[in-house]
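Just so you know, all these numbers are worked out from the coordinates, no wet-lab data involved. Worth saying up front: this structure is predicted, and the values here are computed from it rather than measured. Heads up, the Cβs are rebuilt from the backbone with ideal geometry, glycines too, and the neighbour counts pull from every protein chain shown.
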Amino acid sequence: LGKVECLRGTLRRTENAQIVRRINQVPDTLTCITHHPGFEPVCLNVYSLQNALNVYKADYGPLRLRGIEKRYRHLAHRSFVSWCWGYLSRTIRVDIPSCVVLRVCREFPDAAGSCSGFRPPLD
């Protein structure tokens, strides 16, 4: 686990074997998972996200989020988790690195040009 990942512009050692596995797939020394050549086609390509939406609809029914940017952000995060961890179920959660969240927010901002990050449940 000697590789590093980006965390809000700083580098830190990662303990996450799945992310390290993805980083180690490329011969170059990556400093951030968002620099992996597979990140953009899996998590940011709108055609891949549209396909992810079709899979989501088949499994769970309609995605009840308003606004295409919000849908794309949700699907991008799901795609990242699937790419690194595979299927986890509804009860298993993982932390998405902040560099991934920020990159997705930069790609799919809301109408005001901003993006709200993770919000814990109110109850």
Problem set entry | region 10-120: C-alpha pair distances exceeding 21 Å, % | 37
Exercise. Which ³J(HN,Hα) values, rounded to whole Hz and listed in residue order, are derived for region 72-84 from phi using the Karplus coefficients 6.51, -1.76 and 1.60 in 6.51 cos²θ - 1.76 cosθ + 1.60 with θ = phi - 60°, glycine and proline given as x?
Worked result: 4, 4, 4, 5, 5, 5, 4, 5, 4, 4, 4, 5, 8
Problem set entry | Dipole-positive endmost among 82, 39, 72 within region 4-107 (Cβ charges, Cα centre) | 72
For this session: May I ask you to sort 69, 40 by Cβ crowding, counting other Cβ atoms within 10 Å and putting the fewest first?
Result: 40, 69
Problem set entry | Charge dipole magnitude, Cβ of K and R +1, D and E -1 - region 13-106, Cα centre, debye nearest 20 | 400
